[in-house]
Amino acid sequence: MKVSKEELLHIANLANLNLKEEEVNSYLENLQDILNFANVLNNVDTSNIDETIGSTSNVNAFRKDEVKVFEDTEALLRNAPEKENNMFNVPKVI
Amino acid sequence: MELYDLTVHELIEKLEKKEISVLDITKSYISRIDNKEKDINAFVTITDKEALEKANELIDGKASSKCYGIPIGIKDNICTNGTKTTCSSKMLENFVSPYDATVVEKINNENMICLGKMNMDEFAMGASTEYSAFKKTKNPWDIERVPGGSSGGSAAAVAANMVPWALGSDTGGSIRQPASFCGVVGLKPTYGLVSRYGLVAFASSLDQIGPITKDVEDSALLLNVLTGHDEKDSTSVNVEKKNYLEHLKDGVEGLKIGVPKEFFGEGINEEISKSVKDAIDKYKELGATVEECSLDIADQALATYYIIACAEASSNLGRFDGIRYGYRTNNFTNLNELFRNSRSEAFGDEVKRRIILGTYVLSSGYYDAYYKKAQKVRTIIKNKFNELFSKYDVLITPTAPTVAYKIGEKCNNPLEMYLADLCTVSLNIAGLPGISIPCGVNSNNMPIGMQIIGKQFDEETLLKTAYAYEQKTKFRETYKPEL
């Protein structure tokens, strides 16, 4: 499948990434190369084959519905680029 | 002979005989790091002061565990409370985890000593450690060459005797391929055997933590520490905890080895092919049955891998938004710009490339053609392995198609870099365990790795098979990097 510049920019937008003008061409070329390589999968017959989500036979992992309080708020906020009154600071959204 | 030359099981023997103290060991490794780190660049963070403090605390204590006082290096995508965990990315340059990964808790419970955090490709995406945002790690066998990746810092440090062993993580070969490039032993356990809690996620259905060690016995020893069911990782499998040293020395008499012929042909360097075939012949002498078989999946596996791994990465790396932790741009006027500019300024080129590929294959219109198709081919690959494992106990292939290449050689061609994972990715896709052990050197004196593949949760057979060859050939005693 041929990827257009517009498509690449749309994808970058979905991924919340800006691409510089000089990046657009090289990313376009790389993406195209990799997708061309991925075309080997078209030759594989997958009719009547189920998808594999995980690689082990684990079905579900339940644990007890217990509240465990993590009290070290300071540790959690330590890495915040900006914080105020024990809260993460973000620009105004409304 | 310096202490840093020894394997961990040799160190433990000396500790038990009271010939040395835990402080002697830590001091020996720190002096080695002081001498060699400037040439190798294996560490993102060196915790020598903390290590010495802990060794001093432990010196008078009673050895309460097998690995009491043994130092270790930890790949920088495994969370350590109080020490930075950067993933070799500008995004997490100053990130200090508020908790320990489960494997780190286990290491601390053993009273092991962390010497530092090891360099890697940014977010574990790469095969040469050249994609680290901070430094390029050199291969101790030839410092003009890459150590492999993404656990390149871990493998190079073990090969250069700067740590006695290290933790790596393996999503498509990131433990085994650098182990092969650096002439050391790298084990990727079965998916679910070792808890991923606290491992910064790249591709959650493929990632696994495992040991990089100087020899096979150390690999078994460290695996003993790492395994165990963990409630905090929902994909951790509740299997009985084994002692991997118990059957290590049982030998390979009667073992059935399958040799998939496709892994010795096109795309694989001839010297490597020959060296691994010679190694397989040794198994015949050791009493194993060797049979050629067919596993024609390499290209499909690689394509499947890059689609699934990038899809999962694009989702996993969505959390980096400049709000709760990680890099935040100064250049924004609203929330959306804050997200976009933080991500665009802090992620490296390869990480962005993979996020874009992953977003593409998951996006409306392409999901069925790429992602869903890959998930189906994943089933076929698993089935093919299952068929082979109904006949054979283990499979043997080369670990990588080439030996370590020159720094810069493959940086400009991402697809060519991806081919470095040709022999390793299929194990992650099928959740199988694999070990890479050195089986010789090529004409440039660069180590060659052999990959042994086992059944799910049959690390015992894997380690036993690796051990038998290692004891017969004594790679470590014959070949050494000139450092």
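The values are calculated or read from the model by the stated rules, or taken from the named source; none is laboratory data. Note that the structure is predicted; figures quoted are calculated from it, not measured. Cβ: placed from backbone, ideal geometry, glycine included. Neighbour counts: every protein chain shown. Keep in mind that these areas ignore ligands, DNA and RNA; they rest on the heavy atoms of the full protein, side chains included. Shrake-Rupley method; radii C 1.70, N 1.55, O 1.52, S 1.80 Å.
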In Å, the Kirkwood hydrodynamic radius from C-alpha pairs for region B:401-478 sits at 14.4 Å
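Students sometimes get this wrong: rank B:Lys84, B:Lys17 by accessible area, probe 1.4 Å, all chains present, largest first.
Largest accessible area first, the list is B:Lys17, B:Lys84.
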Over all alpha-carbon pairs in the protein assembly as shown, figure out the percentage whose distance exceeds 43 Å.
15 percent
Nearest-10 value in Å² for the accessible area of B:Phe134, using the 1.4 Å probe
70 Å²
Toward the positive end of the charge dipole of chain B, about the Cα centre and with charges on Cβ (Lys, Arg +1; Asp, Glu -1), which of B:Thr235, B:Cys114, B:Thr45 goes farthest?
B:Thr235
Restricting to Cα pairs under 8 Å and 6 or more apart, the percent relative contact order of region B:165-226 works out to 41 percent
Among all the aspartates and glutamates, which ones have a C-alpha under 14 Å from B:Lys241's C-alpha, if same-chain residues fewer than 8 places away are not counted?
B:Asp230, B:Asp458, B:Glu459, B:Glu460
Within chain B: Cβ-based charge dipole about Cα centre, in debye rounded to nearest 20 (Lys, Arg +1; Asp, Glu -1)
800 debye
Note, ³J(HN,Hα) from phi for region B:279-285, Karplus 6.51, -1.76, 1.60, rounded to Hz, x at Gly and Pro:
4, 5, 4, 4, 5, 5, 4
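In chain B, what percentage of the DSSP-assigned beta bridges are antiparallel, given to the nearest 5? Can you show the working numbers first?
Details: 31 of 45 bridges.
Looking only at bridges with both residues in chain B, the antiparallel portion is about 70 percent.
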Protein chains only, probe 1.4 Å: how do B:Leu422, B:Leu338 rank by accessible area, largest first?
B:Leu422, B:Leu338
Helix-only mean residue ellipticity at 222 nm, chain A, DSSP H runs n ≥ 4 weighted -39,500 (n - 2.57), per residue, nearest 500. What is it?
-10500 deg cm²/dmol
To the nearest 10 degrees, how steeply does helix A:5-14 sit against the main Cα axis of chain A, on a 0 to 90 scale?
20 degrees
Which entries in B:Lys261/B:Lys384; B:Lys188/B:Lys249; B:Lys17/B:Lys49; B:Lys373/B:Lys410 show an alpha-carbon gap greater than 22 Å?
B:Lys17/B:Lys49; B:Lys373/B:Lys410
Mean residue ellipticity at 222 nm from the helices of chain B, using -39,500 (n - 2.57) per DSSP H segment of n ≥ 4 over the full residue count, to the nearest 500 deg cm²/dmol?
-11500 deg cm²/dmol
Loop chymotrypsin sites (Phe, Trp or Tyr not before Pro), region B:254-295, which have at most 13 other Cβ atoms in a 10 Å radius of their Cβ (DSSP)
none
Per the Kirkwood treatment, what hydrodynamic radius in Å, one decimal, follows for region B:270-354 from the mean inverse distance over all distinct Cα pairs?
17.3 Å
Shielding of B:187-193 by partner chains, average beta-carbon count, 10 Å:
2
Env charge @ B:Val146, Cβ radius under 12 Å, K,R +1 / D,E -1, value 0
According to a simple spin-label model (label point 7 Å from Cα along Cα-to-Cβ), what is the distance in nm between B:Arg324 and B:Asp60?
4.4 nm
So how long is each side of chain B along the principal axes, counting just the alpha-carbon atoms, biggest first, in Å?
65, 55, 44
Using only the Cα atoms of region B:240-315, build the gyration tensor, take square roots of its eigenvalues as a ≥ b ≥ c, and label the shape rounded, prolate or oblate: rounded if a/c is under 1.5, else prolate if a/b is larger than b/c, else oblate.
oblate
Among the lysines in chain A, how many pairs, 8 or more places apart or on different chains, have alpha carbons under 26 Å apart?
4
Output the Kirkwood hydrodynamic radius of chain A, Cα pairs only, in Å rounded to one decimal.
19.5 Å
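In the structure shown, do any of B:Lys18/B:Lys232; B:Lys135/B:Lys274; B:Lys90/B:Lys464; B:Lys274/B:Lys474; B:Lys274/B:Lys464 have a Cα-Cα gap over 30 Å, and if so which?
The pairs that break the limit, which is 30 Å between Cα atoms, are B:Lys18/B:Lys232; B:Lys135/B:Lys274; B:Lys90/B:Lys464.
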Prolate/oblate/rounded call for region B:62-150, Cα gyration tensor, a/c under 1.5 rounded:
oblate
Compute the distance from the alpha-carbon center of region B:214-271 to that of region B:1-47, in whole Å.
26 Å
Interface A:B - total buried accessible surface [probe 1.4 Å, Å², rounded to 100]
5400 Å²
With every protein chain kept in the model, how would you rank B:Tyr29, B:Tyr197 by accessible area, 1.4 Å probe, largest at the top?
B:Tyr197, B:Tyr29
FRET efficiency for B:Lys14 and B:Asn444, Cβ-Cβ distance as r, R0 = 51 Å, nearest 0.05?
0.90
Among B:Asn428, B:Asn445, B:Thr461, whose Cα sits farthest toward the positive end of the charge dipole of region B:424-483 (+1 at Cβ of Lys/Arg, -1 at Cβ of Asp/Glu, about the Cα centre)?
B:Asn445
Along each of its three principal axes, how wide is the spread of alpha-carbon positions in region B:273-322, in whole angstrom units, largest first?
58, 23, 18
Candidate cut points under GluC sites (Glu not before Pro) in region B:117-173, DSSP loop plus at most 14 other Cβ atoms within 10 Å of their own Cβ, are B:Glu144
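Between rounded, prolate and oblate, where does region B:121-255 land on the alpha carbon gyration tensor, with a ≥ b ≥ c its root eigenvalues, rounded for a/c under 1.5, else prolate if a/b exceeds b/c?
Oblate, because a/c is 1.5 or more while a/b does not exceed b/c.
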